[in-house]
Structure formats: structure tokens, C-alpha cells
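Everything below concerns the one structure shown next.
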Amino acid sequence: MVTLKFEKEINASAQKVWNVLWNKDTYAQWTSSFNPISRIEADWRVGGKTYFKDADGNGMVTVIDAMNEPYELVFRQVGEVNNGVEDTTSEKVKSYAGSFEKYFLSETDGVTKLNASVDTSEEYSAFMEKAFIEGLEIVKKLAEEK
């Protein structure tokens, strides 16, 4: 497992950046780098589950470990969903369960610094790096336009 780290300065408030990251419509736009049809389903509470799904409803299952809107959101991987079945116990899931995806925002004089990190396998690191770089550039564009 490797941890990829990203930083982006955005000329918008932390709240605007947060909204772009987690609003269902804008989430789908910036995560198109990962999958052309991406969606998020969350109850937005610490300890609650969040699903990152594709057009077929398959994807990742995470738990929110920490949330302090609009400054911090930490997801912990716990499983995946395939064909409507949630898997949190297979050997495949156990190989990455407990890995994190983290977002930290800090604002100074109307400029937000977004720091994101993701734990991923070596196998997917090049894909994830490219997708995050592209995705966070879309976040910047959307937040600065609104």
C-alpha cells in the first residue's frame, strides 16, 4: 500500500470548495476522472457509511472516521459493493480494508488550500495519481467559477 498526497490552492472559500467536493452534482463532475459515471451516497455522519458507486451501483464502501465541515473529511475503506451485494469480509477486501482517503481544507484570505491523500495499492497508484490530479483541477475550476 502506498499513500498518494495532493495539494491544490483554490481561489474560493473553504465552504465553496467543500460544497464542490461533496455536492452530488459537482462530485460527479470532478470524479469523472476516476469513472465517467460516479456518484456518492452518504449519511454524512461520523461512523456512518458512504458508498462511492459507478453507473451499475458497484463500488467502494467506506466509513466516515472524521468530519469537520468545511475543513476535514476522512473516509476509511471497509468493503465494496458488487451486483448489489456488500462485501466486507472477503480476502480481497481484507487486503485494503482500513486504508484511508482524507481531505483537509484550510483558508487564508479567501484562498483555500486543499490537501488530499489516498492509500492505494502499487498496482493502481499511477491511475489514482492521474485521476486525482485531473479531478482536483476540476474542483479548482468549479469552485473558482461559482
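Side notes on the structure shown:
- Placing a pseudo-label 7 Å from each Cα along the Cα-to-Cβ vector at Glu91 and Val63 gives an inter-label distance of 2.5 nm.
- Springs between Cα atoms under 10 Å define the GNM used for the chain, and in it the highest mean-square fluctuation of Val74, Val63, Val111 occurs at Val111.
- Extended-chain gain in nm, criterion 0.36 nm per residue less alpha-carbon gap, Tyr124 and Asp25: 33.1 nm
- For a paramagnetic label modelled on Trp44 (point 7 Å from Cα along Cα→Cβ), amide N atoms under 14 Å away belong, within the stretch 51-92, to 67-73.
- Nearest-ten-degree value, helix 122-145 long axis tilted from longest Cα axis of the chain: 30
- In the elastic network of the chain, a GNM with C-alpha springs shorter than 10 Å, the most mobile of Lys113, Lys130, Lys53 is Lys130.
- For the stretch 95-146, the dipole from Cβ point charges (+1 on Lys and Arg, -1 on Asp and Glu) about the Cα centre works out to 140 debye, to the nearest 20.
- Phe104 contributes an accessible area of around 80 Å² to the protein surface, as traced by a 1.4 Å probe with all chains present.
- When the chain is treated as a Gaussian network with alpha carbon springs shorter than 10 Å, the biggest mean-square fluctuation among Gly135, Gly57, Gly110 belongs to Gly110.
- Theoretical ellipticity at 222 nm over the chain - DSSP helices of four or more residues, -39500 (n - 2.57) apiece, nearest 500: -9000 deg cm²/dmol
- For the stretch 2-20 and the stretch 82-131, distance of Cα centres in Å: 14
The values are calculated or read from the model by the stated rules, or taken from the named source; none is laboratory data. Small disclaimer: the values here were computed from a predicted structure and weren't measured. Positions of Cβ are backbone-derived with ideal geometry, glycine not excepted, and every protein chain shown enters the neighbour counts. Keep in mind that these areas ignore ligands, DNA and RNA; they rest on the heavy atoms of the full protein, side chains included. Shrake-Rupley method; radii C 1.70, N 1.55, O 1.52, S 1.80 Å.
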